[in-house]
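Every number in this text was worked out from the coordinates using simple rules, so none of it is lab data. Quick caveat, the model's predicted, so the values are computed rather than measured. Note: ideal-geometry Cβ built from the backbone for every residue, glycine included; neighbour counts use all protein chains shown.
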Amino acid sequence: QVQLVESGGGLVQAGDSLRLSCAASGRTFSQYSMGWFRQAPGKERDFVAAISRTSDITYYEDAVKGRFTISRDNAKNTVYLQMNSLKPEDTAVYYCAASLLRTAVTSRGQYVHWGQGTQVTVST
């Protein structure tokens, strides 16, 4: 089992940027495709972005396309989510997840390991 720890969340104003990090340990990071999900109070955990093992494929939820960028550094066992032009509706707990599939995947059920989450709050 791989352990995932998110960091980088915080309180920002609308229009600001944040970079979330997810550090992996316990197994070889490069064996996993990775994803980011988010969950707002009273809502389901929704897909945000995904990246394949070698970064050749990425997927994004429509609401974040053009604003968010997922990337990974396999040498550091870390996946990132760069979030620009943040909006109040981006407020949520953001979760990092790992999949055994080679490619990027968008379904929550395809992920087998999850981090504890990091809070992102965007004020007006």
Report summary line: In the chain, taking the dipole from +1 charges on Lys and Arg beta carbons and -1 charges on Asp and Glu beta carbons about the Cα centre, the listed residue (W36, C96, N74) farthest towards the positive end is N74
Query raised in the report: If you project the alpha carbons of the chain onto their three principal axes, what span does each projection cover, largest first, in Å?
Result: 40, 28, 24
Query - Distant-in-sequence amide H partners of D16 (H built 1.01 Å from N, under 5 Å) - result: L86
Query - Assigned charges on the beta-carbon of Lys, Arg, Asp, Glu; the stretch 1-104 dipole about Cα centre (debye) - result: 280
